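Report on the structure given below.
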Amino acid sequence: MKKVFKNERLTYRLELVAQEAIRANDEIFLRETGLRIRELRVLRLIDDTPGTTFAEIAKSTGLERSLTSRIIRTLLGNGLIERENSIEDARVFLLRTTARGQNIRRIARQLSDRLEAILTHPLSEQELATLDGILERLGNWISSERYRAALAID
């Protein structure tokens, strides 16, 4: 089997796998939904949390504020989301998906399921379940206080 990774570091390998999968799928999502993966992620987050704000989206996606702003403008311009002023603070906009945005999300979800099945094809059901559990544990660990404390000690 050909060695794919030029570096054995786990974070490097995880990032490379993610980047390659996104790169390979981005054009498919654009063709089928009219949106790129990052735009669809923001649409999904808004659909999952109606009334969310720009600041909450920027924080939860980890995207730069300027990129988040451009994505939200694109979604608004395409009629996939709508915004309204917050009653508590008129400077804050509350975002929610439109019926059209919800439909695009459904299409994207079906496409995502098919593409993920292709991505994970080399793995058995057991290996996929193991990988999922490991990623869940790592995700919980890196978002924990204990992890941050361990980084501060070393």
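Here are the numbers for the structure shown:
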quantity: Selection within region 67-97 - farther than 18 Å from L35 by Cα and among the polar types (S, T, N, Q); calculated: N85, S86
quantity: Condition met for R100 (out of contact with any strand residue (DSSP E or B) (no Cβ under 8 Å at 6 or more places or on another chain) and either surrounded by 12 or more Cβ atoms within 10 Å (Cβ to Cβ) or closer than 24 Å to S143 by Cα (or both)); calculated: yes
quantity: Given (1) among the hydrophobic types (A, V, I, L, M, F, W, C); (2) within 30 Å of H121 (Cβ to Cβ); (3) in contact with a Gly (Cβ under 8 Å, 6 or more places away or on another chain); (4) not in a helix (DSSP H, G or I), number of the condition L95 does not satisfy; calculated: (2)
quantity: Residue count for region 45-82, restricted to those that are surrounded by fewer than 17 Cβ atoms within 10 Å (Cβ to Cβ) and closer than 18 Å to N103 by Cα; calculated: 9
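Every read-out reported here was derived from the displayed coordinates using simple, explicitly stated rules and does not represent laboratory data. On a predicted model such as this, the values are computed, not experimentally measured, just so you know. We place every Cβ from the backbone using ideal geometry, glycine too, and count neighbours over all the protein chains shown.
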